[in-house]
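Novice: My structure is below; once you've seen it, I'll send some questions.
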Amino acid sequence: MFRIFRHYIPRSFILLALCEGVILWVSLVIGVTLRLGGGIGDAQLDYAPLWPKALAFTLVVMGSMTAVGLYKNNFRDGVQGLIMRAGLSMVIALVAASVVFYAFPVLTIGRGVFAVSFVIALLGIVCARMVFLHLVGKDALKRRILVLGAGRRAEQFLQLRRKSDRFGLNIIGYIHLSGEEDVVPKELVLNLDVPLLDYAQRQGVHEIVVAMEDRRRTFPIDDLLDCRMSGIDVVDAQTFFERQLGRIQIDQLNPSWFVYSDGFQHSGWQVLGKRAFDIAASLLVLLFAWPLMLGAALGILIEERGRGPIFYRQVRVGQNWRLFQVLKFRSMRVDAEKDGVARWANKNDDRVTRVGKFIRRTRIDELPQLLNVLRGDMSFVGPRPERPEFVEQFAERIPYYAERHRVKPGITGWAQVRYPYGASEKDTIEKLQYDLYYVKNYSLFLDMLILLQTAEVVVWGEGVR
């Protein structure tokens, strides 16, 4: 995988994005040629100023494709879902391009050229994706992984059951280590009678993942050194899961990992850049979302016949455990917690009003939090803020839960786009692993990627309660 601003992206998706970028660029050129007639050398086809239009067209469409989840390595909708999402991305791109053309008239493309280019682009992208889906399933193109260990830590690799979790890799076996009890199924355990390097080279291994229970005993440092010096990558299990799943496995964590690992760099320039991004993004969203916010407020007033508040204020825990009041549109009855006991929202919760169901499903209820962002209580992207009652419970029972409060909470976050709504302690642990990944690796690049993927969550209604 490539690592861009500390965020891991599969090599195959980088190549796919480059290929589709070329397809989109060429589609606009072909659209101009077919619509206006003549050849590329004709005077009426002024290609000198065409390149910024082609670049804008390419970026808008690729941004729309990211927003509908076409660049997620856990995409698993199949061919039908691919075609549907590709078509939807073109509709979103049409709206986004109209906004871009209005803001920057110099980039305007004629309606006829626009339509022809979109049709060609859609056909080209669907064909490219079909080829991509066919090729990524080939074992010859997958990274061959050998796991060193067959105990409890190695057992976690068996959790990679979904095809999307095993994207781009093929685990060929688990090596038994003396003094370690095997937990992995016997048919997957390897008892080597040759040096580790010989076996790895014979099997075409690209990477060895160290998943030992206790490295203080029988750690094969010489064998691993031979493999590493012979060009075979050697990583620990924590790094593997961080790279493959985009999360930090808390059951493999220890305090020394936080001390010696890279990341967790919050320099002054990063903080300043993130704050500038938060303000710009919030004002931009407010510029386009204020009609929705006005409609939501009117809807709440009408349904409740003017009784009860429009907004819902609740104390949450922010950066460095500072308390603040989060602002949302009220989506539940006024007496939702009349007994004073804090509760999670459940699926088909009867406390949610009719207007509340709609604004929760479309995430409109979250829009007032833009004011929290402008005030500095929250960031646009970050771990979701929790109530103090829940934070106290989780901090006592879940290791490293408090570390998610090292950054400002956000309206959306890495956990929100990677994991559905959680309403249990088990879900909280799963989300914490994604939050720790964000705290460790956050950058403006990752923030922008999360914002684009948040659009998919809103469009497809994922994780709504």
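The values are calculated or read from the model by the stated rules, or taken from the named source; none is laboratory data. The structure presented is a predicted model; accordingly, all values stated were derived computationally and were not measured. All Cβ positions, glycine included, derive from the backbone under ideal geometry; neighbour counts span all protein chains shown.
Every residue, every condition in (1) without any contact (Cβ under 8 Å) to a residue 60 or more places away in the chain; (2) aliphatic (A, V, I, L, M); (3) touching a Gly at 6+ places or on another chain (Cβ under 9 Å); (4) buried (at least 23 other Cβ atoms within 10 Å of the Cβ), yes or no:
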{"residue": "ARG351", "(1), (2), (3), (4)": "yes, no, no, no"}
{"residue": "ARG361", "(1), (2), (3), (4)": "no, no, yes, no"}
{"residue": "VAL391", "(1), (2), (3), (4)": "no, yes, no, no"}
{"residue": "VAL407", "(1), (2), (3), (4)": "no, yes, yes, yes"}
{"residue": "TYR434", "(1), (2), (3), (4)": "no, no, yes, no"}
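Novice: Continuing with this model, one more query. Between VAL381, VAL391, VAL373, VAL352, which is farther than 19 Å from VAL271 by Cα and modelled with pLDDT of 90 or more?
Specialist: Exactly one of VAL381, VAL391, VAL373, VAL352 is farther than 19 Å from VAL271 by Cα and modelled with pLDDT of 90 or more, namely VAL391.
Novice: Identify, from the list LEU70, LEU24, LEU28, the residue that is surrounded by 20 or more Cβ atoms within 10 Å (Cβ to Cβ), at pLDDT 80 or above, hydrophobic (A, V, I, L, M, F, W, C) and outside any helix (DSSP H, G or I).
Specialist: After applying the criteria, what remains is LEU70.
Novice: Only one residue in ASP223, ASP236, ASP262, ASP214 is out of contact with any helix residue (DSSP H, G or I) (no Cβ under 7 Å at 6 or more places or on another chain) and surrounded by 14 or more Cβ atoms within 10 Å (Cβ to Cβ), so which one is that?
Specialist: Of the residues listed, the single one that is out of contact with any helix residue (DSSP H, G or I) (no Cβ under 7 Å at 6 or more places or on another chain) and surrounded by 14 or more Cβ atoms within 10 Å (Cβ to Cβ) is ASP236.
Novice: From the list TRP257, TRP269, pick out the single residue that is in contact with a helix residue (DSSP H, G or I) (Cβ under 7 Å, 6 or more places away or on another chain) and not in a loop (DSSP other than H, G, I, E, B).
Specialist: On inspection, the qualifying residue turns out to be TRP257.
Novice: Here is a list of conditions, (1) in contact with a Lys or Arg (Cβ under 9 Å, 6 or more places away or on another chain); (2) in a helix (DSSP H, G or I); (3) surrounded by 15 or more Cβ atoms within 10 Å (Cβ to Cβ), and ASN320 meets all of them except one; can you say which number that is?
Specialist: (3)
Novice: Sticking with this structure for a sec: Among the residues of region 291-330, write down those that are at pLDDT 90 or above and among the acidic types (Asp, Glu).
Specialist: If the condition is that a residue be at pLDDT 90 or above and among the acidic types (Asp, Glu), then no residue fits.
Novice: Filter region 166-182 down to the residues that are buried (at least 17 other Cβ atoms within 10 Å of the Cβ) and either assigned to a loop (DSSP other than H, G, I, E, B) or among the charged types (D, E, K, R) (or both) and list them by number.
Specialist: Within region 166-182, PHE167, HIS176, LEU177, GLU180, ASP182 qualify.
Novice: Take TYR419 and tell me if it is of a type in the set (Phe, Trp, Tyr) and farther than 19 Å from ARG6 by Cβ.
Specialist: Yes, satisfied.
Novice: All but one of (1) out of contact with any strand residue (DSSP E or B) (no Cβ under 7 Å at 6 or more places or on another chain); (2) under 18 Å from ARG3 (Cβ atoms) hold for SER267, so report the exception by its number.
Specialist: (2)
Novice: When you look at ARG228, is it outside the structural domain of TYR442 (by TED's automatic domain parsing) and part of a helix (DSSP H, G or I), yes or no?
Specialist: Here the answer is yes, as ARG228 does meet what is asked.
Novice: Would you pick out the residues in region 441-457 that are farther than 22 Å from VAL61 by Cβ and crowded, with 19+ Cβ neighbours inside 10 Å?
Specialist: ASN441, TYR442
Novice: Let me ask another. So which residues in region 352-401 are assigned to a loop (DSSP other than H, G, I, E, B) and within 18 Å of SER424 (Cβ to Cβ), if there are any at all?
Specialist: Passing the criteria: PRO383, ARG384, GLU386, ARG387, ILE398, PRO399.
Novice: Does region 279-299 contain at least one residue that is in a helix (DSSP H, G or I), of a type in the set (Ser, Thr, Tyr), surrounded by 12 or more Cβ atoms within 10 Å (Cβ to Cβ) and within 25 Å of the chain's Cα centre (by Cα)?
Specialist: yes
Novice: Against the conditions (1) surrounded by 14 or more Cβ atoms within 10 Å (Cβ to Cβ); (2) closer than 30 Å to LYS431 by Cα; (3) of a type in the set (A, V, I, L, M), where does VAL205 fall short? Just the number, please.
Specialist: VAL205 satisfies every listed condition except (2).
Novice: Would you check if there is a residue in region 306-321 being within 28 Å of THR362 (Cβ to Cβ) and free of Cβ contacts under 8 Å to residues at least 12 places away in the same chain?
Specialist: There is at least one residue in region 306-321 that is within 28 Å of THR362 (Cβ to Cβ) and free of Cβ contacts under 8 Å to residues at least 12 places away in the same chain.
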